[in-house]
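J.: First the structure, which I've put down as structure tokens, then a few questions once you've had a look.
The values are calculated or read from the model by the stated rules, or taken from the named source; none is laboratory data. Model, not experiment: these values are computed from the prediction. For neighbour counting, all protein chains shown are included, and Cβ atoms are generated from backbone atoms with ideal geometry for every residue, glycine included.
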Amino acid sequence: MSHIEQIPPELTWRIRRQVLYPDQEFGKAILDNDDDGMHLGLFYENKLISVVSLFRKENEMQLRKFATIEEYQGKGFGTELLKYLIEIAETENCKRIWCNARKNASGFYVKFGFTETDKAYHKDGHDFMIMEKILF
């Protein structure tokens, strides 16, 4: 049984580092503006296994540092969390959700109506593209 709840930013850091920055220092997992965001955690059997951070600016919501522990990937937990945050954005009347997606994860976002923009970049050994979903 899984459930999603809002969590403090500190609870996201371990999973962010483990999944997104396994070979880098712990500080890489901490965002300067973490205190400004809404952080969601998906718990499975009372264990935190997936996290995402949301940052709202005017009519837009950016999702950042979406990470699911590797052994739980491909089992629908990320899907559950993404659907939940899309509902939040719709409820809050956001017009656009966007993210800096790793290129190798872009297919995941496409399944939920995200499209690639013409903006891409390379950072820390990874290729990223800005993806967006227009809501209204």
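J.: Check off (1) modelled with pLDDT under 95; (2) assigned to a strand (DSSP E or B); (3) not polar (S, T, N, Q) for I97 and give me the number that stays unchecked.
T.: Unmet condition: (1).
J.: Let me ask something additional. Considering only region 55-95, state which residues are within 25 Å of Y44 (Cα to Cα), surrounded by 15 or more Cβ atoms within 10 Å (Cβ to Cβ) and of a type in the set (K, R).
T.: R64, K65
J.: Just the residues that are touching a residue at least 40 places away in the same chain (Cβ under 8 Å) and either part of a strand (DSSP E or B) or of a type in the set (A, V, I, L, M) (or both), please, taken from region 14-37.
T.: I15, V19, L20
J.: State the number of residues belonging to region 116-130 that are within 15 Å of W98 (Cα to Cα) and surrounded by 12 or more Cβ atoms within 10 Å (Cβ to Cβ).
T.: Total meeting the criteria: 6.
J.: Let me ask something else. Looking for something more than 25 Å from Y44 (Cα to Cα) and surrounded by fewer than 15 Cβ atoms within 10 Å (Cβ to Cβ) - is there at least one such residue anywhere in region 96-103?
T.: Yes, some residue in region 96-103 is more than 25 Å from Y44 (Cα to Cα) and surrounded by fewer than 15 Cβ atoms within 10 Å (Cβ to Cβ).
J.: Give me the pairs, please: first residue somewhere in region 117-136 and on the phi > 0 side of the Ramachandran plot, second residue anywhere and among the basic types (K, R) and exposed (fewer than 10 other Cβ atoms within 10 Å of the Cβ), beta-carbon distance under 9 Å, and either six or more positions apart or on two chains.
T.: Pairs that qualify, where the first residue is on the phi > 0 side of the Ramachandran plot and the partner is among the basic types (K, R) and exposed (fewer than 10 other Cβ atoms within 10 Å of the Cβ): there are none.
J.: A follow-up question, please. Considering region 48-92 alone, what residues qualify as being polar (S, T, N, Q), under 18 Å from I134 (Cβ atoms) and assigned to a helix (DSSP H, G or I)?
T.: Within region 48-92, just T91 meets the criteria.
J.: Right, next: Of all residues in region 38-47, count the ones that are in contact with a helix residue (DSSP H, G or I) (Cβ under 7 Å, 6 or more places away or on another chain) and outside any strand (DSSP E or B).
T.: Qualifying residue count, region 38-47: 0.
This table checks each residue for (1) in contact with an Asp or Glu (Cβ under 6 Å, 6 or more places away or on another chain); (2) free of Cβ contacts under 8 Å to residues at least 24 places away in the same chain; (3) more than 16 Å from Q6 (Cα to Cα).
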site: V52; (1), (2), (3): no, no, no
site: E58; (1), (2), (3): no, yes, yes
site: R64; (1), (2), (3): no, no, no
site: E71; (1), (2), (3): no, yes, yes
site: L85; (1), (2), (3): no, no, no
site: E92; (1), (2), (3): no, no, no
site: W98; (1), (2), (3): yes, no, yes
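J.: Please identify the pairs in which a residue from region 1-13 that is under 14 Å from D32 (Cα atoms) has its Cβ atom under 6 Å from the Cβ atom of a residue that is at pLDDT 95 or above and not in a strand (DSSP E or B), counting only partners at least 6 apart or on another chain.
T.: Within 6 Å, the pairs are P9/D34.
J.: Let me ask something else about it. Could you list all residues from region 101-117 that are of a type in the set (K, R) and modelled with pLDDT under 95?
T.: R102, K103
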